[in-house]
1. If you stretched the chain out fully between Glu25 and Ile80, how much longer would it get, using 0.36 nm times the residue separation minus the C-alpha to C-alpha distance?
2. Ranked highest first by the average count of other Cβ atoms within 10 Å around their residues, in what order do 67-73, 29-35, 110-116 fall?
3. Pick out, in residue order, every one of the chymotrypsin sites (Phe, Trp or Tyr not before Pro) in the range 8-84 that is DSSP loop and has at most 16 other C-beta atoms within 10 Å; say none if there are none.
4. Starting from the amide H of Leu109, placed 1.01 Å from N in the peptide plane, find each other amide H under 5 Å away whose residue is 5 or more places distant or on another chain.
5. HN-Hα J couplings of the range 17-34 from phi, Karplus 6.51/-1.76/1.60, θ = phi - 60°, integer Hz, Gly and Pro as x?
Amino acid sequence: MSEIEKALAELKALMKYRAEQLGYEEEFRGMGLTSRKNLCLHPEVKREKSGTIVDAKCRSLTAGFVKEKKERGEDVPVCIYHDVVLPFLPLRPKINNFQNLDLLEPHNLIPNGVWTLDGIMRYGEEKKQCPYFTSRRMVSRHYLTSNAQLIVIRCRFAM
């Protein structure tokens, strides 16, 4: 078990204890952050061993200009985990029956709880939602919020 996973396990135990003492679960999200290389779900990209190559391939599938080409009808590959399938809601722009992660509410990309790296990978697979970009958007949202209920543990090593 990596150090980040140990820290998240401790955080999970702490939050369980707090819920028992308070009598309710707080609205709280805890997660570990790591590189695209460790969180990628795309079948072709995740096979790469080099983080630099994973980053480059990921960008080539998620960049704005690539999505614009796709929207114009060009046959370009895009990441199926970056653009998630959702029912069309009138208040959200529709993009070829997909909702871009950028357009989703950043504070609700994952449910409350403590998320291990494996846990967020499983959730991403289940929801067809990129764990890397989900984590990034959650952090961006909570760093900008004055009353943040998010704990972030950053991982700087390759797994």
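None of the figures in this text is laboratory data; all of them are computed from the coordinates on show. Keep in mind that this is a model prediction, so the values were computed, not measured. Positions of Cβ are backbone-derived with ideal geometry, glycine not excepted, and every protein chain shown enters the neighbour counts.
1. That works out to 16.5 nm of additional length.
2. With the highest mean Cβ count within 10 Å placed first, the list reads 29-35, 110-116, 67-73.
3. Tyr24, Phe28
4. Residues meeting the amide H criterion: none.
5. 4, 4, 5, 5, 6, 7, x, 7, 8, 6, 6, 7, 10, x, 8, x, 10, 8
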